[in-house]
Amino acid sequence: MSEHVEPVRLLEPRVDVSSPFGRLALTHTLSLAGDALVAMSLAGSLFFNVDPSEARWKIALYLLFTMAPFAVVGPLIGPAMDRAKGGHRAVLVGSAVGRAVVAFLMIATVSGDSLLLFPEAFVMLVLAKTYQVAKAAIVPTVVDSDAALVEANSKLQLLSGLAGVAAGIPGGILMFLVGPGAVVLLASVTFGAAAVASVRVPRTTIAEEPADDIERAEMRSAGVLSAASAMGSLRWVVGFLTFLLAFAIRGGEKVADLGVGMGRLAASVPGHVDLSPAEMVVPPGKSPAWHFGVVVALSVAGGLMGAAVAPFVRKAIREELLLLGALIVGMSAGLAGAVLRGLTGEAVMALLVALAASAGKQAFDAVVQRDAPDANRGRTFARFESRFQVAWVLGAFVPTIVALPPRLGGWLIALVCFAAAVFFSIGVQAVRRGEAPPRLPTARQVGRHVTGRLRS
């Protein structure tokens, strides 16, 4: 059925380039640094030039654009990477080489308004998401036990943040002295270094055939599905809050240069509220620029705090309780935003939501890494990441379509997190009793129900 290459085990996830985890960490750091450089090079491109009078429809178009790569990664690349010769390591190498080539091609287009930048950026996003899925699938092969999974994931996330900061220094200098072409060239070189580093990552279990009925059942185990429902709610909240605060800080209904384009490509701190770039136009009477800086800074800090705290919490409780705690923190964020006024409420929401999303991501990844079948872990991550991106987009659509004050948005966040926590708790208890947990209705089921009610 499958070929298994026994990985070298560690007692703990040590960041040492001589160890298997250290090699993966080095690959991850270089990959995320390259992504950050690409995002920086696109700061002045057509992705960020949003006319205030056309802001909302362009934002909606961007949201649809962000879903497209997941439509490729989920059903197509996910299963393919599990059967790739050389395992998930081959996917790491291939995605790094592909991004190096695409970044090199972007040198000629990033400085202007060439439409070629759109397909190049799309391919870059697909390859970036492919890398993220493969990386998550490899983590269990470079740690000694399931108990170390949260710590390993957290260390990789912290390295992501450091990579973004480290890449920003030379990238900023090159952007100022030469221009975006030089920045994206540096990104190409960085991806090339990531490809070389990824060759030394241990090989993993591969699936020589498509998943059978038993394996598909394992991929859809009750525990994984319950955790996915909780994580999907957190991703909805992140998307909702990102655009809620962006509109609130940058001018209410008349948003000026919202800048939501390729900034998320860097994803240096997964789950943080991304409101890049720094440039913005504030209409008279709206929030000053430093408000924007405070919210962004606290959202990044919250993401790093979540990654740093999660391993310590995991030593006392299991992944499921850590995920439940993340939902409670998200509910607290919404209540704080509903009660507190102005910048204080917005800043607290950004901090706590980023913390909750970051810690929740570590817990969810560990659940999948622990429970999903080794040879089919890639397609499992791809499938759920696709759904999470849909949840993020659906959350972002709400403040994009309907102008909401931040305090009302806070109440909505609290309600969503509370409902998700109750639903997740019921699911966990059902799993412990050996029963199937409740599942949220699908869009098809909802449509059938509505149609039936209308006919009756």
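On inspection, A308 fails the criterion of being over 18 Å from A227 (Cα atoms), over 20 Å from the mean Cα position of the chain (by Cα) and modelled with pLDDT of 90 or more.
Among the residues of segment 388-401, are any in a helix (DSSP H, G or I) and over 22 Å from the mean Cα position of the chain (by Cα)? Scanning segment 388-401, I find at least one residue that is in a helix (DSSP H, G or I) and over 22 Å from the mean Cα position of the chain (by Cα), so the answer is yes. Just one of the listed residues (L340, L335, L323, L304) is touching a helix residue (DSSP H, G or I) at 6+ places or on another chain (Cβ under 9 Å) and buried (at least 24 other Cβ atoms within 10 Å of the Cβ), and it is L323. Mind listing just one residue for me: the one in segment 321-343 that is modelled with pLDDT under 90 and assigned to a helix (DSSP H, G or I) and, of those, nearest to P406 (Cα to Cα)? If we take residues in segment 321-343 being modelled with pLDDT under 90 and assigned to a helix (DSSP H, G or I), then G342 is nearest to P406 (Cα to Cα). Just so you know, in segment 124-146 the residues that are more than 17 Å from the chain's Cα centre (by Cα) and among the charged types (D, E, K, R) include one that is surrounded by the most Cβ atoms within 10 Å (Cβ to Cβ), and it is D146.
Taking the numbered list (1) surrounded by fewer than 16 Cβ atoms within 10 Å (Cβ to Cβ); (2) more than 26 Å from L64 (Cβ to Cβ) in turn, G181 passes all entries but (1). Taking the criterion of being at pLDDT 85 or above and among the hydrophobic types (A, V, I, L, M, F, W, C), the residues of segment 139-164 that qualify are V139, L149, V150, A152, L156, L158, L159, L162, A163. Within segment 186-206, one or more residues are at pLDDT 90 or above, β-branched (V, I, T), in a helix (DSSP H, G or I) and within 22 Å of the chain's Cα centre (by Cα).
Does L352 count as at pLDDT 90 or above and assigned to a helix (DSSP H, G or I)? The answer is yes for L352.
The values are calculated or read from the model by the stated rules, or taken from the named source; none is laboratory data. Note that the structure is predicted; figures quoted are calculated from it, not measured. Please note: Cβ atoms are built from the backbone with ideal geometry, for glycine as well, and neighbour counts cover all protein chains shown.
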